[in-house]
1. Let me see the pair-distance distribution of the chain: every alpha carbon pair, 10 Å bin width, integer percents in order.
2. Between the stretch 228-249 and the stretch 7-38, how far is it from one alpha carbon centroid to the other, in angstrom?
3. In a shell of Cβ-Cβ distance under 13 Å around Leu166, excluding Leu166 itself, what net charge do Lys and Arg (+1) and Asp and Glu (-1) give?
4. GNM on the chain, C-alpha springs below 10 Å: top fluctuator among Arg107, Arg169, Arg214?
5. Could you grab the relative contact order for the chain? Cα pairs under 8 Å, six or more apart, rounded to a whole percent.
6. Per residue, how large is the accessible surface of the chain? Use a 1.4 angstrom probe and give square angstrom.
7. Which whole-number percent gives the relative contact order of the stretch 13-70, counting Cα pairs below 8 Å spaced six or more residues apart?
8. If you roll a 1.4 angstrom probe over the protein chains with everything in place, what fraction of the accessible area of the chain belongs to carbon and sulfur, to the nearest %?
Amino acid sequence: EAYVHGGGVVLACHEVGTRDEWGEPHDVPVLDALLGIRERRGGVGAPTLEVTDPALLAAAGLHVTFKAPHTLAAPTEDVALLAHVVDRLSGHWDDFENLAHAQPRGRLPGLWTRRVGRGHVIYTGVDLFTNYLNCPTGQIRRLLQHVLVSLRTPAITLDGPLCVALNARRQSEDVIAVHLHNAPGSAYTYPNPPHAGSLHAPGEVNPVHGLRLRVAGMQVKAAKLALSGETLAVEDDTVHIPRLDLHEVVLLTL
């Protein structure tokens with residue numbers, strides 16, 4: 001709560017805050033007041049988010065379906081609703097809405113943001129994190145990215161394929177180390193096969209070319225590769241990285 005009031009962003013989903021450290025249920029979920037949840041109950045079936053927010057609709061499309069359990073939660077009046085939730089076992093879609101004079105059944109809130117102090121909370125009833133690990137899709141990634149980026153502009157972003165992971169660490173007041181990993185495993189379902197008990201090697205890893213780091217709110221004076229010392233081209237807010245094999249550390253001097 002202090003983190004959010006101070007300007008932080010918290011992303012929460014499904015049954016967050018409902019149990020203690022021993023797995024026993026709380027009488028009242030401990031984060032519901034922060035998340036803007038008035039009441040909740042378990043959902044049935046495979047949930048699909050029907051996007052209502054125009055900007056999110058342009059980023060992720062009208063329907064984003066999940067293969068995961070979900071919670072049906074009723075929000076407080078001060079949330080900004082981004083999507084409703086429906087499931088394929090309720091009759092919401094199938095034959096009912098195809099009838100000539102049928103009216104769609106009422107949708108329930110499925111994804112929202114809430115301003116708290118100087119920060120924000122994001123809540124969705126879908127078990128987002130388990131779904132993202134076991135069966136991620138491009139739509140889920142775009143939905144998550146848009147919601148986060150619309151609330152906070154990232155300091156450092158990467159123009160590159162999904163398989164490249166970025167982590168940044170500040171080494172000193174004027175030096176940031178950006179780790180880039182070419183990890184194809186992040187681009188397909190883990191574990192593979194789905195019910196395996198271990199994570200398998202991704203096989204051949206091909207180099208990635210033409211990556212671009214973009215830095216917001218900071219001026220980059222120089223950039224180089226930490227291990228080889230190779231100098232990288234800096235153009236306005238963009239650092240050009242010609243090739244990534246497996247792992248590189250890019251040192252940004254501000």
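The values are calculated or read from the model by the stated rules, or taken from the named source; none is laboratory data. Given the structure is predicted, the values throughout are model-derived calculations rather than measurements. Methodologically, a virtual Cβ is constructed for each residue, glycine included, from the backbone with ideal geometry; neighbour enumeration extends over all protein chains shown. Remember, those area values only see protein heavy atoms, side chains included, never the ligands or the DNA or RNA. Shrake-Rupley method; radii C 1.70, N 1.55, O 1.52, S 1.80 Å.
1. All Cα pairs considered, the percentages come to 6, 23, 28, 25, 13, 3, 1.
2. The two parts, judged by their Cα centres, are 41 Å apart.
3. With Lys, Arg at +1 and Asp, Glu at -1, the net is +1.
4. Arg169
5. 17 percent
6. 56 Å²
7. 29 percent.
8. Here carbon and sulfur together make up 54 percent of the probe-accessible area.
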